[in-house]
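This report concerns only the one structure given below.
The values are calculated or read from the model by the stated rules, or taken from the named source; none is laboratory data. Quick caveat, the model's predicted, so the values are computed rather than measured. Here Cβ is always computed from backbone atoms with ideal geometry, including for glycine, and neighbour counts include all displayed protein chains. Side chains are part of the model used for accessible areas, which takes the heavy atoms of the whole protein and leaves out ligands, DNA and RNA. Shrake-Rupley method; radii C 1.70, N 1.55, O 1.52, S 1.80 Å.
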Amino acid sequence: MTDNIWAYHLTVAHFEDRDLTGYKVEALDGTIGKVDKHSYETDASWIVVDTGPWIFGREVLLPAGTITRVDTTAEKVYVDRTKEQIKDAPDFVRDEHLDDAAYHREVGGYWGDTVRRQQQ
């Protein structure tokens with residue numbers, strides 16, 4: 001596991017030349033939506049998940065450090081968080097938050113805290 005929530009785990013194969021848009025996203029306890037946008041920036045990688053009707057069409061920003069596996073055959077991205085943790089994540093508004101450093105710190109803190117709570 002990496003200490004940087006914005007970097008991929010060393011054990012996760014990721015494909016910088018592959019477009020993940022449209023891939024299903026699987027939480028620990030079920031499907032949460034589809035990848036709507038993603039970034040492969042060094043130490044600042046993330047996916048935006050469109051949750052569809054599951055949580056009223058809300059989008060959620062998930063740092064790359066939450067991703068445990070990318071299955072290119074099944075077109076799925078697996079994350080190590082529960083639906084409830086994802087539902088409780090900070091609100092994401094694309095036009096406001098995509099390039100907002102303060103928002104990224106808030107999100108990084110939230111997801112880092114979920115890791116610390118899981119380890120306790």
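Could you look at the chain and say what percent of its accessible area is carbon and sulfur, using a 1.4 Å probe and all protein chains? Exposed carbon and sulfur together represent 46 percent of the surface.
Applying 1/(1 + (r/R0)^6) with R0 = 30 Å to the Cβ-Cβ distance of Thr82 and Arg18 gives a FRET efficiency near 0.70.
Approximating the spin labels as points 7 Å out from Cα along Cα→Cβ, the Glu106-to-Thr72 distance works out to 3.6 nm. Put simply, the amide H of Val25, placed in the peptide plane, has neighbours under 5 Å in Ile32, Gly33, Lys34, Val35, Val77, leaving out anything fewer than 5 places away on its chain.
Modelled spin labels at Leu28 and Thr11, positioned 7 Å past Cα toward Cβ, are 1.4 nm from each other. Within the full protein context, the accessible area of Ile55 is estimated at about 10 Å² for a probe radius of 1.4 Å. When the chain is treated as a GNM with alpha-carbon contacts under 10 Å, the residue of Glu26, Glu59, Glu84 showing the greatest mean-square fluctuation is Glu84. Here the Karplus curve 6.51 cos²θ - 1.76 cosθ + 1.60, taken at θ = phi - 60°, turns the phi angles of segment 92-101 into couplings of 10, 10, 3, 5, 9, 9, 4, 10, 8, 4 Hz, with x standing for Gly and Pro. The residues of the chain expose, per residue, 55 Å² of accessible area to a 1.4 Å probe. Across segment 18-75, the convex hull enclosing all Cα atoms gives 80 Å³ per residue. The length gained on full extension between Asp91 and Phe56, counted as 0.36 nm times the residue separation minus their Cα-Cα distance, comes to 11.4 nm. Computed over the chain, the range of Cα coordinates on each principal axis works out to 33, 33, 29 Å, biggest value leading.
Only lysine pairs 8 or more places apart or on separate chains count here, and in segment 16-87 those with Cα atoms under 13 Å apart total 4.
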